1. Looking only at region 220-251, which residues are outside any helix (DSSP H, G or I) and either at pLDDT below 95 or among the acidic types (D, E) (or both)?
2. Could you give me the residue pairs with C-beta distances under 6 Å whose first residue belongs to region 22-40 and is aliphatic (A, V, I, L, M), whose second residue is part of a helix (DSSP H, G or I) and away from the ligand (no atom under 16 Å from the Cβ) wherever it lies, and which are 6+ apart or on separate chains?
3. Restricting attention to region 110-122, which residues are open to solvent by 10 Å² or more (accessible area, probe 1.4 Å) and either small (G, A, S) or assigned to a helix (DSSP H, G or I) (or both)?
4. So which of G207, G172, G191, G214 ends up being within 21 Å of D258 (Cβ to Cβ) and among the small types (G, A, S)?
5. Just wondering, is there one or more residues in region 255-266 that are open to solvent by 50 Å² or more (accessible area, probe 1.4 Å) and in a loop (DSSP other than H, G, I, E, B)?
6. Listed residues Y193, Y133; which is open to solvent by 40 Å² or more (accessible area, probe 1.4 Å) and either on the phi > 0 side of the Ramachandran plot or within 12 Å of the ligand (Cβ to nearest atom) (or both)?
7. Out of curiosity, is E131 closer than 15 Å to T12 by Cα, of a type in the set (D, E) and in contact (Cβ under 8 Å) with a residue 40 or more places away in the chain?
8. For region 268-320, how many residues are of a type in the set (A, V, I, L, M), open to solvent by less than 60 Å² (accessible area, probe 1.4 Å), more than 22 Å from V246 (Cβ to Cβ) and not in a helix (DSSP H, G or I)?
Amino acid sequence: MIQYSGKQVLVTGGAGFIGSHLVDALVGEQPAGICVVDNLFLGREENLEDARGSFPELAFHRLDATDGPALRALIRRHRIEIVFNLATKALGHSFADPLDAFHVNVVIAGHLLEALRSGEIAGLVHFSSSEAYGTALRTPMDESHPLRPNTAYAAGKAAADLMIRAYQESFGIRVLTLRPFNNFGPRQNEGVYAGVVPLTMNRILRGEPPVISGSGAQTRDFTFVRDTALLAVELGKHDELHGAVVNLGSGREVAIRDLVEKICRISRYTGEVRTAPPRPGDVLRHCADVSVLRQVLGEVSLSSLEQGLAETWEWYRAHH
Ligand SMILES: NC(=O)c1ccc[n+]([C@@H]2O[C@H](COP(=O)([O-])OP(=O)(O)OC[C@H]3O[C@@H](n4cnc5c(N)ncnc54)[C@H](O)[C@@H]3O)[C@@H](O)[C@H]2O)c1
């Protein structure tokens, strides 16, 4: 088993939504140091306040991780041993600047593969995405589901996964690739490129009706972000998984219209729900096959969707 205690751990994109919860989870593992690299494209330094409260040694570097020489100099300077790679520009950026959305997802992974190949780091946990699969050809979707991305963001995720495979085959290095499905919870970006949960909650908080894009029959597999962070940290310890791809989801398939209905119930909103045209590139169906996850970690108990949404609602309400 790989232990984080006594090691220097780097989290790219660590000031973002999942990244900041991952940092919180790492604090409990007592590493020698945690280093966060984020260019604050969507991330916020205040997302790290909780972690800093109990782990003052946390180092934050505002850095564009596509700058390979700067990233690798930092890795050497801090004697980083394990990297969690989460830096990305949100899926919605695919429509503003598709090439940049693709580029970020591929290039940062590439620099970290080079760091692993040259022995600068000993371990890499890479965050891919269920978006790399595109709309489900079959459900639940296991890790061998074909990669049929619908957006430049997802194509970048799929390309990085293929590059990892190629490096593993060519150089004998091993990377743990996680494919999270949709996450929700406190600290999720609520501004430009916001996801359905913060968008819906904030519309209700502003006194505006929630909006469902498309028919609402499109499905997702939602995981509460704290569960994702804890599972990622646990999976990263399993040496035998390095070299594999693992889905990180709940195995629960929920239609967007049912999700919005649950949020309305939790927030006691009884007004109208509007519809809007479907979003371009939207995947129609997603549900994770979590057999590999369960084989390794056993029956993990995840927050129910209702519990997670209730906590998330309280968080957005308090921060409104
Ligand atoms: N949120 C989800 O539902 C979900 C689902 C599947 C996979 N993922 C993956 O999990 C990871 C984290 O996603 P998230 O939802 O927390 O996104 P996020 O946007 O909140 O976090 C990404 C972070 O990366 C930073 N960043 C962007 N470009 C950078 C660059 N060039 N250099 C350094 N930092 C940069 C951003 O500022 C942000 O803080 C991503 O790799 C994403 O693809 C997320």
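The values are calculated or read from the model by the stated rules, or taken from the named source; none is laboratory data. In this text the structure is predicted, and so the values were computed from the model without any measurement. Methodologically, a virtual Cβ is constructed for each residue, glycine included, from the backbone with ideal geometry; neighbour enumeration extends over all protein chains shown. Ligands, DNA and RNA are excluded from the accessible area calculation, which covers all protein heavy atoms including side chains. Shrake-Rupley method; radii C 1.70, N 1.55, O 1.52, S 1.80 Å.
1. Within region 220-251, just D221 meets the criteria.
2. V27/S54
3. Passing the criteria: G110, H111, E114, L116, R117, S118, G119, A122.
4. The conditions single out G214.
5. No.
6. Numbers: Y133 fails: open to solvent by 40 Å² or more (accessible area, probe 1.4 Å).
Just one listed residue meets the conditions, Y193.
7. On the way: closer than 15 Å to T12 by Cα: no; of a type in the set (D, E): yes; in contact (Cβ under 8 Å) with a residue 40 or more places away in the chain: yes.
No; evaluated as a whole, the condition is false for this residue.
8. Residues in region 268-320 being of a type in the set (A, V, I, L, M), open to solvent by less than 60 Å² (accessible area, probe 1.4 Å), more than 22 Å from V246 (Cβ to Cβ) and not in a helix (DSSP H, G or I): 1 in total.
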